[in-house]
Amino acid sequence: MPDQAPIEIKALNHWFGTNEARKQALADITLTLTKGSLTALVGPSGSGKTTLLTLMGCLRDVQDGSIRLLSHELHGASESLSTQLRRRLGFIFQAHNLHGSLTALQNVRMGLQVHDPLPSATETQAATHALSLLGLADRLHYLPANLSGGQKQRVAIARALVGNPAIIFADEPTAALDKDSAATVITLLKRLGTTRGTTTILVTHDPRILDRADRILTLEDGRLTHDTATTP
Amino acid sequence: MVPKLASLQLQDSGILDRFSRGLPSEEAAAIRPQTPLKIEVTNKTLTLYDTFAGGGGFGGDGYMMVSDQTFLSLFPARRSGAPDHILLKVRPGADPAVVATRLQSLISDKSLRIRSYTQAGTDELSYQQTKRPTGIIFGFGVIIGVLVGIVILYQVLSTDVADHLSEYATFKAMGYSQGFILGIVFEQAAILGILGFLPGFIVATALLTGMAAATTLPLMMTASMAIMVFTGSLFAAALSGAIATRRLAAADPADLF
């Protein structure tokens, strides 16, 4: 039996504003993402990439059309269901949005504590492992203020990955990273796709990612204009 | 006190509250049966043979005790047999409150109030706090203080929430429940309430001690007062926190991207 598609979108439309100021941000989007794939969303500024990402990530209410996320319909979904579903997702924001009063380790542990409680030692071990994979083993107890932009971004990535999410949504995840760190992150995301079946959708203009994406979706003026599979 | 009362049997004699306001302590200490002090009261010469420990209040700067005969000579308009207060002594082991209740039930004249010493003190305190202008003014002062405290705490909390909106929005995006996020604000409110109480308690205790020394009023920080203020502080903090949580509505995880 084939794996259930983690995301299925049908005839999705979305608008911002009201009356004369009403503007269509997404128009008639239909697509299905396969489990374990790494999909890049590209397009010019204002093309609807971020809107589509936030709709798929239960961060915005679906106005028209259908999004099935992890077998749950998001159109008309309750706040409670959205909250439950978000726990199975990982978000990597362009602005890292780390909690300034928490250390790198504590920030990453927050990604675990949203789930059923684990023994403290297990949480620490998992968070340490995630940070080590991203080359931050020697920065566990640093506050974000004492980390560089790239290091903060890697902490944010570790926080998104540590809870073993089914889907990762990322917005320019490698923008603040140097060449080696970016390669590490892309390799990690690809490996999660093949080993755990983690699906990744990211907004990016980084050619280092586009070269390794399984699929590239191009949006223009809210419409899906190109859908390119890059790997067989 | 009883041995000192014996000196009141002399006509035009009295004993003086040594904590009366404006009475120098060395002069009060000099008043002894061997070295009595003569004073003028309502154009009569009175001889003070001793002192006792009293203290000023809202009704007067101090007290003086005289016999009933001396009192009537000082205040001829007052009549013998019409006292303001009568002190009764109960047998050892008897409950004054029970005795007072029984006596009250036996006396038909309801204008005569029979109270235990404790009840009389409570009645006086209530009267001073709720009927006298000073008590009402102090009461308003407390209410205004609490309101100002709530406003300050709200400002601190709401500013903090506004400064960390992106972090709260991140919590929402990660799947943390609204209850968890509200809990953070309430926890902060409780911490501020507790941390605010501690220096407030120390300053208030010092002020009360200083005021008690300056006014001879029985002002002190009691355990019940501290507990009441602490509970009130937590309540005010919770109220401020509840109002500040309205700002959380602006924490939209969709804005994070």
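Only the coordinates and a few stated rules stand behind these numbers; no lab work does. Note that the structure is predicted; figures quoted are calculated from it, not measured. When we count neighbours, we look across all protein chains shown, and the Cβ atoms used for this are built from the backbone with ideal geometry, even at glycine.
Within straight cross-link reach of A:Lys35, meaning Cα distance under 13 Å, which aspartates and glutamates are found once same-chain residues fewer than 8 apart are removed?
Within the straight-line cut-off, A:Lys35 pairs with A:Asp3, A:Glu8, A:Asp214.
Which distance in Å, rounded to a whole number, links the C-alpha centroids of segment A:27-98 and segment B:1-57?
89 Å
Go through segment A:1-85 and name the trypsin sites (Lys or Arg not before Pro) that are in a DSSP coil and have 13 or fewer other Cβ atoms within 10 Å of their Cβ.
Sparse-neighbourhood loop trypsin sites (Lys or Arg not before Pro): A:Arg22.
What are the residues whose amide H is under 5 Å from the amide H of B:Gly56, where those residues sit 5 or more places off or on another chain and H is modelled from the backbone?
B:Arg21
Structure shown: which of B:Lys89/B:Lys131; A:Lys152/A:Lys179; A:Lys10/A:Lys49; A:Lys152/B:Lys172 lie over 26 Å apart, alpha-carbon to alpha-carbon?
Beyond 26 Å between Cα atoms: B:Lys89/B:Lys131.
Taking amide H atoms as placed 1.01 Å from N in the peptide plane, list the residues 5 or more away in sequence, or in a different chain, whose amide H sits under 5 Å from that of A:Tyr142.
Residues meeting the criterion, in which the H sits 1.01 Å from N, are A:Ala104, A:Leu105.
If you average the sequence gap of Cα pairs under 8 Å that are 6 or more apart and divide by the length of segment B:2-74, what percent do you get for the contact order?
41 percent
Below 8 Å between Cα atoms, with a sequence gap of 6+, how large is the relative contact order for chain A in percent?
Averaging sequence separation for qualifying contacts and normalising by length gives 28 percent for chain A.
Just rank A:Asp64, A:Asp178, A:Asp214, fewest to most, by other beta-carbon atoms within 10 angstrom.
The fewest-first ordering by Cβ neighbours comes to A:Asp178, A:Asp64, A:Asp214.
Quick one: helix B:117-130 against the long Cα principal axis of chain B, what's the angle to the nearest 10°, folded into 0 to 90?
Here the helix axis deviates by roughly 60 degrees.
Under the rule of -39500 (n - 2.57) per DSSP H run of 4 or more residues, summed and divided by the residues of chain B, what mean residue ellipticity at 222 nm is obtained, to the nearest 500 deg cm²/dmol?
-18500 deg cm²/dmol
Out of the chymotrypsin sites (Phe, Trp or Tyr not before Pro) in segment B:35-126, which ones are loop residues according to DSSP with at most 14 other C-beta atoms within 10 Å?
Loop-located and lightly packed - B:Phe58.
Could you give the semi-axes, largest first, of the ellipsoid that matches segment B:23-92, computed as the square roots of 5 times the alpha carbon gyration tensor eigenvalues and rounded to whole Å?
23, 18, 14
Going by how many other beta carbons lie within 10 Å of each one, how would you line up A:Thr204, B:Thr45, fewest first?
Ranked by crowding around the Cβ, least crowded first: B:Thr45, A:Thr204.
Helix-only mean residue ellipticity at 222 nm, chain A, DSSP H runs n ≥ 4 weighted -39,500 (n - 2.57), per residue, nearest 500. What is it?
Helices in chain A give a 222 nm mean residue ellipticity of -9500 deg cm²/dmol.
When a footprinting reagent is the concern and you count Cβ atoms within 10 Å, what order do A:Leu55, B:Leu147, B:Leu239 take, fewest first?
Sorted ascending by nearby Cβ count, the order is B:Leu147, B:Leu239, A:Leu55.
Within chain B, what's the longest stretch lacking trypsin sites (Lys or Arg not before Pro) that sit in DSSP loops with no more than 10 other Cβ atoms inside 10 Å?
B:132-257
For Cα pairs less than 8 Å apart in space and 6+ apart in sequence, what is the mean separation divided by the residue count of chain B, i.e. the relative contact order in percent?
That works out to 17 percent.
May I ask for the net charge around A:Gly163, where only other residues with Cβ less than 14 Å from the Cβ of A:Gly163 are counted and Lys, Arg are +1 while Asp, Glu are -1?
Residues close to A:Gly163 contribute a combined charge of +4.
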